[in-house]
Amino acid sequence: MTQSTAIHGEKVSLLRVLGPGHVWALGVGIVLVGEYMGWNFAVGKGGALAALIACWTAGLLYTCVAMIDSEVTSTVAAAGGQYAQAKHIVGPLMAFNVGLFLVLAYTMLEAGNAITAGYLVQAVGGMAGFEGVHDKPFIVLTIVALAWLNYRGVFATLTFSLIVTAIACFAIVVLFAAVRPWTDDVLKPGELINGLPYGWLGVIAALHFGLWFYLGIEGTTQAAEEVRSPARALPLGTMTGMITLLVAATMTWYICVGLMPWEYLGQAITPLFDAARLTGSLWLMVFLFVGTIFSTLASANGCINDASRAWFSMGRDRYLPVWFGAVHPVYRTPFRSIVFLVPVALIFALGAPLDQVITFSILSGLLGYTFMSFNMVMFRRKWPLGSIRRGYVHPFHPLPAFVLLLLCSVTYFAVFLGYGTQLVAMMVFYIIVSAWFAFHRYKYVKRGDQFTMAWPRPVGY
Amino acid sequence: MENLNNFQLLEYAAWGISGVLGLWMLFDMIRTNAKYSESTLISSREGEIEDVLVIDPPHQGGHR
């Protein structure tokens, strides 16, 4: 039953129905696929030990991200996450760039997930003895079906993420218990770890893929306008998500390096599934395959949610055509943004190689993290503690911001070692679109309307 | 058609479901655009904590 006229004649907004569990699922769901595949390329870059150093160094980077994000977002309860933060704290040009970082990072990650889902189904078809199997139907199905779910409502979307993410997490825990890490019956880490075959340069190069353990946890902030209690749910969901990932990442590393030599692990496509195969247990193989598929779907699902919120927010502020700032009156979702991003994701998924897609996603994410370090320092300077109500105050400021900036700089160098051309191309792209925004688009922005938070004037203004 | 194996049927099913869901979204978007005024559709404002709404009370996500 639908109603064609507005009761109050006017307003429609996103629906506040989410709790901390959904926020956890959004953050961990986007990331967990990195545990199932991708992180192990760090082993290929610098050996098993380098991958562990990269895992924990990247963990430190993302802990800084999670703490900074939690504090700022507990005050800027708006869809768009870091985009809305940048708009209020730094300024419009920064906000436009951050919005684009978010949309491209998540849309490309979504495309990467769809490619992976298609590959996995194709691989199953091949193993079952079928000839001439294709991945494209399943790539398209992944993107369109999850977009449809997102279109129909945020509660069902993130409940789906919560279920599949919890199952995928549980699969890692079960595998960890099954290999009995308290004995050396199955795992042989002492025999397989061989120091640092490429020295400390290998450790730096490994950082590029060390990010895969956590890439996307910052996406929890995109739910800010749809959680029932932003000041409580966002810090709680984000920080518990980060703890989950730190534990899961370390478990994953220990299982895999204890079962496989680094030369194989460094180029494996599905390392956790391979680890399950090496145990010889059929039910573990099936469970880890299900975990792999579920982590891929959870990630793509969260990416659609986040990219559409960022695009929607930019439309609502007229940084993009205001048409994108529409909310569905029945489903209460940013429906036009969701539909618009479907063909964009399909183009990346069907037309670009996986490593390029993921590298562009990582680079956009890195640019966003770099912004966060500046953003945090400006936020505390303009609005010191006590000037506005914060749901969470992160400790040791400004140390996390400086650590974050330092780690981002090292990671840029790591990415440059492997993908220098893409790094330069991405920078050129953002410079061109910044010029377009500054000289053309910004005249359409209603400058007074975009600053919505009831904050006092910043110190010094 | 006799050469179709089970996996090919699965592939056709994937194409078919994708087509149906994609068309459903397009159709619903066009219908919604026509049914509601543009000013209503873009009436959302950032940072509004109070959820005062609105339209279509039965569709409140089951949380009222």
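Filter segment A:286-319 down to the residues that are surrounded by 24 or more Cβ atoms within 10 Å (Cβ to Cβ) and assigned to a loop (DSSP other than H, G, I, E, B), then identify the one that is farthest from the other protein chains (Cβ to nearest Cβ).
A:TYR319
Give the residues of segment A:73-111 that are of a type in the set (Gly, Ala, Ser), crowded, with 24+ Cβ neighbours inside 10 Å and away from chain B (no Cβ under 14 Å), sorted by residue number.
Hits for segment A:73-111 are A:ALA105, A:ALA111.
Name the pairs: first residue in segment B:3-31 and under 18 Å from A:LYS136 (Cβ atoms), second residue outside any helix (DSSP H, G or I) and of a type in the set (Phe, Trp, Tyr), Cβ to Cβ under 7 Å, at least 6 apart or on different chains?
What qualifies is B:ASN5/A:PHE130; B:PHE7/A:PHE130.
Answer yes if at least one residue in segment B:23-31 is modelled with pLDDT under 95, at the interface with chain A (Cβ under 7 Å from one of its Cβ atoms), out of contact with any Ser or Thr (no Cβ under 9 Å at 6 or more places or on another chain) and surrounded by 10 or more Cβ atoms within 10 Å (Cβ to Cβ), and no otherwise.
Looking through segment B:23-31, none of the residues is modelled with pLDDT under 95, at the interface with chain A (Cβ under 7 Å from one of its Cβ atoms), out of contact with any Ser or Thr (no Cβ under 9 Å at 6 or more places or on another chain) and surrounded by 10 or more Cβ atoms within 10 Å (Cβ to Cβ).
Working only within segment A:148-165, note down all residues that are more than 9 Å from chain B (Cβ to nearest Cβ) and outside any helix (DSSP H, G or I).
Hits for segment A:148-165: nothing passes.
With the structure loaded, tell me whether A:ARG332 is within 11 Å of chain B (Cβ to nearest Cβ), part of a loop (DSSP other than H, G, I, E, B) and out of contact with any Leu (no Cβ under 9 Å at 6 or more places or on another chain) or whether it fails that test.
The answer is no for A:ARG332.
Going by what's in this entry, would A:GLY125 be described as at the interface with another protein chain (Cβ under 9 Å from one of its Cβ atoms), farther than 26 Å from A:LEU215 by Cα and not in a helix (DSSP H, G or I)?
Answer is no for this residue.
Taking the stated definitions as given, is A:ALA326 of a type in the set (Gly, Ala, Ser), in contact with a Gly (Cβ under 9 Å, 6 or more places away or on another chain) and modelled with pLDDT of 95 or more?
Working: of a type in the set (Gly, Ala, Ser): yes; in contact with a Gly (Cβ under 9 Å, 6 or more places away or on another chain): yes; modelled with pLDDT of 95 or more: yes.
For A:ALA326, the condition - of a type in the set (Gly, Ala, Ser), in contact with a Gly (Cβ under 9 Å, 6 or more places away or on another chain) and modelled with pLDDT of 95 or more - is met.
When you go through A:PHE402, A:PHE429 one by one, which is the residue that is within 26 Å of A:ARG318 (Cβ to Cβ) and at pLDDT 90 or above?
Matching residue, one of A:PHE402, A:PHE429: A:PHE429.
Given the options A:GLY81, A:GLY44, A:GLY29, A:GLY59, name the one that is under 30 Å from A:ARG316 (Cβ atoms), modelled with pLDDT of 90 or more and touching a Gly at 6+ places or on another chain (Cβ under 9 Å). Let's see the steps before the verdict.
Numbers: A:GLY81 fails: modelled with pLDDT of 90 or more; A:GLY44 fails: under 30 Å from A:ARG316 (Cβ atoms); A:GLY59 fails: under 30 Å from A:ARG316 (Cβ atoms).
Among A:GLY81, A:GLY44, A:GLY29, A:GLY59, only A:GLY29 is under 30 Å from A:ARG316 (Cβ atoms), modelled with pLDDT of 90 or more and touching a Gly at 6+ places or on another chain (Cβ under 9 Å).
Looking at segment B:44-59, is at least one residue more than 30 Å from A:VAL121 (Cα to Cα), modelled with pLDDT of 85 or more and surrounded by 16 or more Cβ atoms within 10 Å (Cβ to Cβ)?
Yes, some residue in segment B:44-59 is more than 30 Å from A:VAL121 (Cα to Cα), modelled with pLDDT of 85 or more and surrounded by 16 or more Cβ atoms within 10 Å (Cβ to Cβ).
Can you name every one of the helices (runs of 4 or more DSSP H) wholly within segment A:180-264 that holds 3 or more residues which are of a type outside the set (S, T, N, Q) and buried (at least 24 other Cβ atoms within 10 Å of the Cβ)?
On the way: elements: A:189-192, A:199-210, A:230-259.
The qualifying helices (runs of 4 or more DSSP H) are A:199-210, A:230-259.
Based on this model, can you work out whether A:LEU158 counts as out of contact with any strand residue (DSSP E or B) (no Cβ under 8 Å at 6 or more places or on another chain) and either surrounded by 22 or more Cβ atoms within 10 Å (Cβ to Cβ) or in contact (Cβ under 8 Å) with a residue 24 or more places away in the chain (or both)? Lay out the reasoning, then the answer.
On the way: out of contact with any strand residue (DSSP E or B) (no Cβ under 8 Å at 6 or more places or on another chain): no; either surrounded by 22 or more Cβ atoms within 10 Å (Cβ to Cβ) or in contact (Cβ under 8 Å) with a residue 24 or more places away in the chain (or both): yes.
No; evaluated as a whole, the condition is false for this residue.
Among the listed residues A:LEU211, A:LEU187, identify the single one that is under 13 Å from A:ALA275 (Cα atoms), in contact with a helix residue (DSSP H, G or I) (Cβ under 6 Å, 6 or more places away or on another chain) and in contact (Cβ under 8 Å) with a residue 24 or more places away in the chain. Lay out the reasoning, then the answer.
Working: A:LEU211 fails: under 13 Å from A:ALA275 (Cα atoms).
None of the others qualify; the one that does is A:LEU187.
What do you reckon, is A:PRO235 modelled with pLDDT under 90 and away from chain B (no Cβ under 14 Å)?
The answer is yes for A:PRO235.
Would it be correct to say that A:THR421 is more than 14 Å from chain B (Cβ to nearest Cβ), more than 20 Å from the chain's Cα centre (by Cα) and assigned to a helix (DSSP H, G or I)?
Yes.
The values are calculated or read from the model by the stated rules, or taken from the named source; none is laboratory data. Remember, it's a predicted structure, so these values are computed and weren't measured experimentally. For neighbour counting, all protein chains shown are included, and Cβ atoms are generated from backbone atoms with ideal geometry for every residue, glycine included.
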